[in-house]
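So the structure is just underneath, and the comments pick up after that.
What follows is calculated from the coordinates using simple rules that are stated; it is not laboratory data. Bear in mind that the values here come from a model prediction, so they are computed numbers and not experimental data. Ideal geometry is used to build each Cβ from the backbone, glycine not excepted, and the neighbour counts take in all protein chains shown.
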Amino acid sequence: MQASPPATARETRLGQQLFELFRRLTLDPEADHLRAVEELDLTLSQVRAIHMLACSDPEQLSGGRIAERLGISPAATSRALDALVNKGFVARTESPEDRRVRLFAITVAGRAAAARLTALKRAQLERFVAGLEPTQRETLSRALAELDLDGACS
């Protein structure tokens, strides 16, 4: 693995600005999505897994593939998926081709939880944007449009 080149002063500044935005959004007293995560008793890995499964194609993925996509260890993935199965957010089945492989798919309850978290986060971001000056909103919109962030799953 190659080391990344050192960040330029401009990259460092932009990284700091993004971090400050992230911190502001995280510490927002109206960050209802964080309360919902607590209410659902979900860990960060579990939240990432249900969002990923809600947007996955194909609908069923092996635990190993989920670990790979999330970039976490198979053991951590297994713990997260087991907890999600116990909560009813994810269903586990056996692969018809290889009984040693477990397949996971989002359930209706899991899809509802992912949609709830997404809606709450989106509402928080919309409140933030509404607090910007019109020229700030336009500048932010142009900058984000350049990044081509339109995803297939919302």
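Numbers for the structure displayed
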| quantity | calculated |
| --- | --- |
| Cleavage-rule hits (GluC sites (Glu not before Pro)) in the stretch 10-117: DSSP loop, at most 14 neighbouring Cβ within 10 angstrom | E30, E59, E97 |
| Nearest 10 degrees, 0 to 90: helix 134-146 Cα axis against the chain principal axis | 50 degrees |
| Computed over the chain: relative contact order in percent, which uses C-alpha pairs under 8 Å that are six or more apart | 24 percent |
| Candidates L34, L25, L81: whichever shows maximal mean-square fluctuation once the chain is modelled as a Gaussian network with Cα springs under 10 Å | L25 |
| Extension reserve of the A145-T8 stretch, reckoned as 0.36 nm per residue once the Cα distance is removed | 47.0 nm |
| Rg and Dmax [Cα atoms of the stretch 28-145; Å; Rg one decimal, Dmax integer] | 17.2, 58 |
| Amide proton proximity set for V90, modelled H, under 5 Å, gap of 5+ | V85, T107 |
| Separation between Cα centres of the stretch 14-68 and the stretch 71-148, rounded to whole Å | 6 Å |
| Reduced Cα scattering model of the stretch 1-77, Debye log10 I(q)/I(0), q = 0.23, 0.25, 0.27 Å⁻¹ | -1.01, -1.04, -1.10 |
| FRET efficiency, R100 to L40 (Cβ-Cβ, R0 22 Å, nearest 0.05) | 0.10 |
| Of the trypsin sites (Lys or Arg not before Pro) in the stretch 4-109, those whose Cβ has at most 15 other Cβ within 10 Å and which sit in DSSP loop | R99, R100 |
